[in-house]
Structure formats: C-alpha cells, structure tokens
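Before any comments, here is the structure.
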Amino acid sequence: MFKFLKEVVAGSGSGLKDFPYTIGEPYASAWGSWTHHRGTSKDDGSPVSIFSLSGSNPQDRHLVAGRNGVKRLRTVRHPNILSFLHSTEAEVPDGPAMKHTIYIVTEPVTPLSEKLKELNLGGTQRDEYFAWGLHQISKAVSFLNNDCKLVHGNVCVTSVVVTQTLDWKLHAFDVLSEFDANNEASNSPMLQFEWLVGTQYKPMELTKSDWVSIRKSPPWAIDSWGLGCLIYELFSGAKLTRTEDLRNTASIPKSLLPDYQRLLSSAPSRRMNPSKLIDNSEFFQNKLVETIQFMEVLNLKDSVEKDSFFRKLPNIAEQLPREIVLKKLLPVLASALEFGSAAAPALVVLLKMGSWLPADQFSAKVLPTIVKLFASNDRAIRVSLLQHIDQFGESLTAQTVDEQVFPHVATGFSDTSAFLRELTLKSMLVLAPKLSQRTISGSLLKYLSKLQVDEEPAIRTNTTILLGNIANYMNDGTRKRVLINAFTVRALRDTFPPARAAGIMALSVTSSYYEMTEIATRILPNVVVLTFDPDSDVRTKAFQATDQFLQIAKQHHEKLTMGDNSAAEATGIQLKPGNAGLLGWAMSSLTQKGKGSDHGPVSSANASDSQISATSSVTSDNRSSTVAYAPSTSSSLDQTAPASARSSVDGWGEVENDNTQEENGSDKEGWDDVDPFDEKPPPSLLSNIQAAQKRPVVQPKQPVSNSSRLNQPKVPKPEEDPLWGSIAAPAPKNASKSSDIKPSTSHNDDDDLWGSIAAPPPKSAGKPLKPPPAANSDDLWGAIAAPPPSTKARPLASSGRGRGTKPAQPKLGAQRIGRTSSTGM
C-alpha cells in the first residue's frame, strides 16, 4: 500500500506545515467528492492544480478510494493522462473537529466543462475541437485497456481536464483497477470502488454486478461505454442524468453516429475498441487533428513534407479557432523551431501567430524562441529572421540585442552570400537604436567600413544610407571621425551612380552635425564637383545639396555680420533637406536578383555570381540600358575603384588621419585630373616648334628589328648648322620602340622645357624612302642624310637576335657620304 506523509497543523495559516504549494480558489466543479483548487508553487510561483479530499477519519471509504487514486496517478504515465507532481495527507481543523485531508498536486488544468464555456465554440470549429479532445481521451483509454490491462471505470465529462495548451487529459483514478481475466468464474467484485460511479454512467452488466459476464468481456467494454457517455455529454451540452438519454442521438454528428452506437452496444463483447475509434472514424479526419498530429511527429517527416506543410499552415491557421492556434499550435511550433525539427518557413508562421498575441504575451511566448534562433547555423533561418526583423525588433530589449542578438547577426556582415550581407546591413536600421555606444563604435562601424568597399554596388549604396540613418545614435566624437570621411572620400567617389547619390543625400540629412569649417573645406568642394556628373540623378541631388550648404554658409555669414559669434560657432544649422525621406529609401529592396545593375566596370572583384540590382528608389533617373562609366585619364571625373579603395584604406579612422595628405596630394584618391587645364607655353617657343615640325624630314626610318637597331651608327650632329641649334631636342625617353635614332647628348635635359612635348619621328611601316639626288656638294640635307639599308646584306651569323654583339663602326663617315653623292650624280 502506498505510504502517505501525514502532517499535523500547528496554529493558523494554510493548515499544512512545510507544504511547498499555496492553495488558491476552488473551481466550481470536480469529479466525485474531490475539490479542485488553483494553486502556485512557493519556490518559483509557477501555477499548479491542487485536488483535495477530506474525511472524518483515516479509514473513511472515500479516503481509501482517494489513496487508490493517488497511487494509480503516481505510477501511470502517459501524455494524455494528468501529470502528477506531489501528494500529501494531513489533518486540518474543521471547527472544533479535525479532518483528514488528501492533497494531490498536478500540472495546472481546468475542468472540461468550464473550459468549454470559456471557449464558447460553435459550428465546425466546435466539432473540430471536440474531435481533437476525443482523440486524446480515446488514446488514454486505449492505453489503459489494451496496454496496461486496467479499467478506468468512470469515463465522463467530470473525469476530463484541460491543460493550458488546450489538451484534454484523463484523471479521477479512484475506481481504477486491474482487469481480472484469469478468474472468469469468480463472482467477487473486480472494481472495488465501483460504488463511486453514478448509475447513469454504468453499463447494464455493471449495474447488475454481473462480474462473471464482465470478466468474460473485453478489457475495454466498461470504458467504451464511458466514452459513449462522454460523447453524449459533449454534443448535447448537458450532464447525463439517465441512461435512457443516451438513445437521443439528435445532437451527435452523422459522421460519428455509427461509432457512437457501437460504443454503446448492449452486448459487451460487441463494443468498439477505443483504438479502432481513433483509426477508423471519419469524424477525426479534419484540419485541426491532422495539423496537430503532423506537428507532433515533425521529426519523422522529410524536408519536402515539412516545407509543403509550413507553406500551407498560414492559411489553415486562419480557419482554425484562434484560441486553439495561440495556446496549442503556437507552443508546439515554437518548440519545433527551437530544437531544429522545423524548417525556415515555420518562422513566418510563428511570427504571424505571434502577431495575434498581446505585447506582453508575445514577449513571453515568442521572443525567447526567436532570440535562440539567432544562434542557428541554418542560413535559411538566419535569412528569414533578418527579412522579418521589423515584426519583432521593437519588442526586443536593448540588453538582449546588445548581448545576445547582435553578436550572432554580425557574422552576416562577412558572409560569402551578398544577399545575406545586405539583409544583415538592413537589419541594423532596427537594431542600431538598441546597441550601446561601445558596440556601435567598436564593432558595428568596423563592419560598415568594410561594407562600404564591398564588391556589390547595392551594398555600398545601402551602407551609406544606413550611416546617414544611424548618425544620431553615434556620439559626437564618432560622428566627426566617421561621417565626412565615409560620405566624401568613399561614397562621392564611388563608380556606382546611386552610391554617389546616396552620399549626397546622407550629407544633406546629417548637415546639422558639421561645423562651418568642415562644410566649406571638405563638403562643398566634393559636392560641387558632382554637379557635372554623368548621371542626371546625381547632378540633381548635387545641386540640391550645394544650395542647402550654401544656405547654411549664408546664415553663418549673417550671424557673423550681426556679431552673434556664439551662434555662428555652433556645430551646424539644421535645415530640412530637399531630398528628405532617406529612412524609407534605406528600407527599399535592393536585392532583386537576375537584373543588370546600372554601373560601369568597377574592378575585377565585381564579377560576382549573385549580382544585386538597385530599385527605382535608388536609381530614379537610370535608363533601361546599362550606362558604363569606365575610369579614364581624360575624363573630368575619374572615380576610384572600390577594390583599390579597399586595399589602400581599411577604416575611416585611417582616412581621417591621412586627410591632410589626401587634400594636398589628391592623386592617391584618383582626383589628380579634376583640373584639366595645363599651363600654356610661351608663344615664341611654340612657333619655333611648329616651324620645325613643318620642315620636311628626309631621314629614312630603319626597319624594326633588334639586329638593325644594334647595327645602326650614330649620326653626328653638325654643329655649324644654324637651323637645328635653337630647336633641336633629344627624343623623349619613352618614345616608340620603332625609333632608331639615339637622342643627342649635346643638350642638357634639365634645361629643355620642350622635351616632353617634342614630336617623335614619324613612323613608317613601308620601305625606307630613298634620298633625292644632291644638286651640288653644298646640299646641307645630303650631308646628314643616312644611306638606305642594303637589301642584300646577310644577317650576322653570331648576332643571336642582336644580343651581345657590338655594332660595326663605319670606317670613315666622309667616304660613305662621298659614295652616296657620286652615285646620285
């Protein structure tokens, strides 16, 4: 026999010494002589249910039956049987007398009759919920009869309770007894406490106490009858008062009526087994039962089945009772996501169901699961979280975001997927207001610095937009260190037109954070340059920003003129920019794949398989055809490629520290060709150059070959010639390879102002020109003309392609000139 702990009351109070639970208000109904109380745990305040049964003496037969019920409830465990937590027996004062009371503590439950009144369901939703509840009680009865060979003896509405998740559970085990089938001829009572069962719930054989017939019947015969009574009470909405009322089937659904009649068969051996009621009845085949059953065995389903189920679930949830969805489906779904058995589409369903909850319940039931999901390694779940972060981000506390959410979200900044990097970037618009200054300055801005030179142009654009939106969450020192460098040095010099437009808009929106000196020396010079940008949208925004900053400068001037130095020295004048609305722009989708992006060739790193294209909100004036802006030294706007920027500048802090060098020597950032005007040479020298270039050149060009280049003799410069002395210039060092005349060393290169612009000798791909015959020996051109190369000369055998051989020196230059002259004559 089960041993109970008995305690004696000492003084007033709860009447129980060291009882770890607080007894609350009782419910209006309970099974038998028991009283059902609400209760709470003294340890953690969690809710419980407390059942109490009192008697005048310890041997009271109700107490004896109650001890049997406690014993059975403690030892029998099943998902559809009430969960036992604690029990005790004590003597409590009842006026001048003492009463013996048994206490059973269980999970928090509500009597079925009261829960049905609270739900107040009707029509199809009521039938679906009844089907689910009967399905659970039938499983519990089948477990007792078929697996444990036990007989409950009193299945009815009062023996069923409902949990907080709206599950039905069977209790009231006072009559529970083993099925004695070994002694069929015995006429002794098999159910010791059958007197507790009302006569309206007893089948005919139990009413007659025909124990021989009962022992010959199946183990489920008595409890199948009880299931029939339960069905009648559910659908009729009234408590069974007479056995004859069971014949009134008007309220029983037609799909359940055949099984109902078989459960109440007059012959015990012909009554339906509860296990077959679950499997065969058409009544249990509805959306609610199928949905809950699928979710209970989610671990056994493959990925295709899960994906199909969760895509249909949002529509199904709309048709189910709202209370059942929130109290039953939502906890099951949250548990499945938390332990990894649910797919990523389930998160969308969870958030939709959670949106039906009040704010406090959403924070208690949904947010803990979502916070845990941020640590998931499943990329699909991470993407789904970031895509829907606006639905739950506001409910997250600052401490939760800073300590639990952001460390996991930050891994997406360096993810190989451009789509995930951009989603991570956009999520900061929701999370950044909840981050601490330490996290923003020490972690977030480092990630954004790298994303501003990302290979994807849309990500670079959105990074600039994000910086403009979260600028008010930075402290003054961080803003001074980051904003101008991020917007001017990087965004305004990006090759992607929307990125430059975003830089202009970000500067306009954050204009109140800049000092007048910064506006005049660092912002306006960079913005004005973009007023002749190739992209019309960039030009429009550049003019708007220029007008805005000039207005700020004008107001600053007026303040100085009026003598209000204190106001003039303020960090900026707040003006509402003409292109406001940056926040909405940042949230526009820039991740549509399969569309060509409207940008020119940036670098080889931009050749990514997952190209991200900007939407119309970013490229409002872009044409349908792709316009390429290739970097060129002759262009008026030579943009710096992101790849080079990434290699030269890793963070805005370094950009600021090297700001002086960038302003003085801007060729590092690709701005050396902004001023295309060169200093004009003196007119007199230019005329000499043009006159020299107009003179005919009769010097033949030698064929391009290594051997001939090495064998070509130097032509001495006649110093007595007055025509070349003033304008002759050595050939430029970077002249074409086809030039065979070595530069003269008679001039000093440092003093030659025209060496860089002197015209090189003309190129000729044909045969060298034959010099004209000299008219007389005084011909100045004949004296310096080089002879044509001999076409019959054989190449040097040891030349080795002209390497390592010294060209042969002419014997006498005068003799070569004489032969040429005589031949000409």
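The Cβ shell under 12 Å around LYS254 holds other residues with a net charge of -3, Lys and Arg each +1, Asp and Glu each -1.
What is the extension gain from SER363 to ASP547, computed as 0.36 nm multiplied by their sequence separation minus the C-alpha to C-alpha distance, in nm to one decimal?
Values: separation 184, 0.36 × 184 = 66.24 nm, distance 4.75 nm.
Extra length from SER363 to ASP547 when fully extended: 61.5 nm.
Distance from the C-alpha centroid of region 92-139 to that of region 373-450: 45 Å, rounded to the whole angstrom. Computed from the Cβ-Cβ distance with R0 of 60 Å, the FRET efficiency linking LYS312 to ALA520 stands at 0.45. Of the chymotrypsin sites (Phe, Trp or Tyr not before Pro) found in region 349-420, those in coil by DSSP whose Cβ has at most 15 other Cβ atoms within 10 Å are TRP356.
Contour minus end-to-end for SER395 and GLU244, with contour as 0.36 nm per residue of separation and end-to-end as the Cα-Cα distance?
Extra length available between SER395 and GLU244 comes to 48.7 nm.
Compute the FRET efficiency between GLU25 and ASP210 as 1/(1 + (r/R0)^6), taking r as their Cβ-Cβ distance and R0 = 51 Å, and round to the nearest 0.05.
On the way: r = 43 Å, r/R0 = 0.85.
Computed FRET efficiency for GLU25 and ASP210 comes out at 0.75.
Between GLN164 and SER255, the simple label model (points 7 Å from Cα in the Cβ direction) yields a spacing of 3.2 nm.
Between ASP60 and LYS372, what FRET efficiency follows from the Cβ-Cβ distance if R0 is 60 Å, with the result rounded to 0.05? Kindly include the intermediate steps, with their values, before the conclusion.
Working: r = 51 Å, r/R0 = 0.85.
So, using R0 = 60 Å, E works out to roughly 0.75.
Centre-to-centre separation between the Cα atoms of region 298-340 and those of region 188-261: 36 Å. In order along region 451-465, the phi-based Karplus estimate (6.51 cos²θ - 1.76 cosθ + 1.60, θ = phi - 60°) of 3J(HN,Hα) comes to 5, 6, 10, 5, 6, 8, x, 5, 5, 4, 5, 5, 4, 4, 4 Hz; Gly and Pro are listed as x.
Here the spin labels are modelled as points 7 Å beyond Cα on the Cα-Cβ line, and at CYS148 and SER303 they lie 4.2 nm apart. By a 1.4 Å probe calculation restricted to protein chains, ASP360 has an accessible surface near 110 Å², given to the nearest 10. Computed from backbone phi, the HN-Hα couplings of region 428-436 come to 5, 5, 8, 8, 4, x, 9, 8, 6 Hz, rounded to whole numbers (Karplus: 6.51 cos²θ - 1.76 cosθ + 1.60, θ = phi - 60°; Gly and Pro given as x). Other residues whose C-beta falls under 10 angstrom from the C-beta of SER341 contribute a net charge of +1, scoring Lys and Arg +1 and Asp and Glu -1.
Each residue of region 221-233 is assigned a 3J(HN,Hα), and the resulting list reads 4, 5, 6, 5, 4, x, 5, x, 4, 5, 4, 4, 5 Hz, derived from the Karplus form 6.51 cos²θ - 1.76 cosθ + 1.60 (θ = phi - 60°), x at Gly and Pro.
Each residue was assigned an accessible area with a 1.4 Å probe, and for TYR27 the value is about 40 Å². Taking amide H atoms as placed 1.01 Å from N in the peptide plane, the amide H of HIS37 lies under 5 Å from those of TYR27, ILE50, PHE51, SER52, each 5 or more residues away in sequence or on another chain.
For region 14-108, the Cβ-based charge dipole about the Cα centre amounts to some 380 debye (Lys, Arg positive; Asp, Glu negative; other atoms uncharged). Take 515-524, 250-259, 450-459 and order them by the average number of nearby Cβ atoms within 10 Å per residue, most first; the result is 450-459, 515-524, 250-259. Among residues other than LYS327 whose Cβ falls under 12 Å from its Cβ, what is the net charge (Lys/Arg +1, Asp/Glu -1)? Spelling it out: positives minus negatives among the neighbours equals +1.
With an 8 Å Cα cut-off and a minimum separation of 6 or more residues, compute the relative contact order for region 288-496 in percent.
Details: 173 pairs, mean separation 28.3, N = 209.
The normalised contact order for region 288-496 reaches 14 percent.
The amide H of ILE81, built 1.01 Å from its N in the peptide plane, has LEU170 as neighbours under 5 Å, considering only residues 5 or more places off or on other chains. Proximity of backbone amide H atoms, modeled 1.01 Å from N, is registered between ASN273 and no other residue at under 5 Å, excluding neighbours fewer than 5 places apart on the same chain.
The values are calculated or read from the model by the stated rules, or taken from the named source; none is laboratory data. None of the values given here were measured: they were computed from a predicted structure. Positions of Cβ are backbone-derived with ideal geometry, glycine not excepted, and every protein chain shown enters the neighbour counts. Just the protein is used for accessible areas: all its heavy atoms, side chains included, with ligands, DNA and RNA removed. Shrake-Rupley method; radii C 1.70, N 1.55, O 1.52, S 1.80 Å.
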